Amino acid sequence: MIAVVAVPAAPAALVRVQEGRASLKAGPGRVAAERFVRTRMRSQQADASAWRARFTLNWVVGDRGVAFFALGRFLGTDQSFGAIGSLGGVQSRTTNEASFPLTISQSGRTIPIRFRWNGQRLIASRPLLRAGSEPPEGLQLPSRNIGCIFGQAPPYLRCDVRTGLRPPPPRPKGCEQDWAYGLEMTALSRPKTFCAGDTALSAGPILAYGATLKLMGFNCLSEPTGVLCTNRNRHGFFLSRQRWQRF
């Protein structure tokens, strides 16, 4: 008998999964979608050559990116998930999903990105960007008062509040920089305040109210009242303009 050597499976690629905005009524069919792109999005271009009436998820290419539609509703554009590059031609599609190559402007690297209609929102899934050579992974709330960055080595999450933590926490021992404006945690640890001279604000795409972002064991929910983030151990924090809480 020939012995079979077990080969360990390759580690799964780290993936960013982000929900999009709540959908807007656009009207049924291709003509209504083209009209929406031209009028509501103020686009000179409205290329609907990829439209397939038998599929639920469709799109129109406009001046401001690829606009996605389903069941007569506008779901958002590819730029809603981060203006980090440009989409190529569709690689594969089913009634509710479509995959494209995404060429990152900063590095020229091409990665796959998948858009999926889940019945309520558009969800984008793609590999994480390369730390240091490509834009940092992050998010901003629509108010732009809260911004977060995600580190990969080791995985950590940091969120800053532009107006500061209220009430302010005690100054960390030996801190000679700013400290009363954010929280950070690893994928397993409890959150804590920190001392730093940089910022996590304006470091990522807008995460629409009611939408979630999942990556590296973190889960963040954007709400009009603030942002709620948890890690693998179910530790986490809530941050808003008025208050903050960690658990």
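The values are calculated or read from the model by the stated rules, or taken from the named source; none is laboratory data. Just so it is clear, the structure is predicted and the values come from calculations on it, not from any experiment. Neighbour counts are summed over all protein chains in view; Cβ atoms, including those assigned to glycine, are modelled from backbone coordinates with ideal geometry.
T186 - would you say it is in the same structural domain as T230 (by TED's automatic domain parsing), touching a residue at least 40 places away in the same chain (Cβ under 8 Å) and touching a Phe, Trp or Tyr at 6+ places or on another chain (Cβ under 6 Å)? Show your work before the answer.
Numbers: in the same structural domain as T230 (by TED's automatic domain parsing): yes; touching a residue at least 40 places away in the same chain (Cβ under 8 Å): yes; touching a Phe, Trp or Tyr at 6+ places or on another chain (Cβ under 6 Å): yes.
For T186, the condition - in the same structural domain as T230 (by TED's automatic domain parsing), touching a residue at least 40 places away in the same chain (Cβ under 8 Å) and touching a Phe, Trp or Tyr at 6+ places or on another chain (Cβ under 6 Å) - is met.
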Worksheet item: Residues of the stretch 64-77 being at pLDDT 95 or above and part of a loop (DSSP other than H, G, I, E, B), which ones?
Response: L71, G72
Discussion item. More than 25 Å from L75 (Cβ to Cβ) and either more than 17 Å from the chain's Cα centre (by Cα) or not polar (S, T, N, Q) (or both): which single residue out of L239, L221 fits that description?
Written reply: L239
Worksheet item: Quick one: would you say S143 is among the polar types (S, T, N, Q) and outside any loop (DSSP other than H, G, I, E, B)?
Response: no
Worksheet item: Looking at this structure, is P170 more than 21 Å from L129 (Cα to Cα) and touching a residue at least 40 places away in the same chain (Cβ under 8 Å)?
Response: no
Worksheet item: Of the residues A196, A203, A211, which is in the same structural domain as D178 (by TED's automatic domain parsing) and in contact with a Ser or Thr (Cβ under 7 Å, 6 or more places away or on another chain)?
Response: A211
Worksheet entry | Odd one out for M1 among (1) assigned to a strand (DSSP E or B); (2) modelled with pLDDT under 95 | (1)
Worksheet item: If only one of G119, G151, G132, G164 is assigned by TED's automatic domain parsing to the domain that holds G76 and free of Cβ contacts under 8 Å to residues at least 24 places away in the same chain, which one is it?
Response: G119
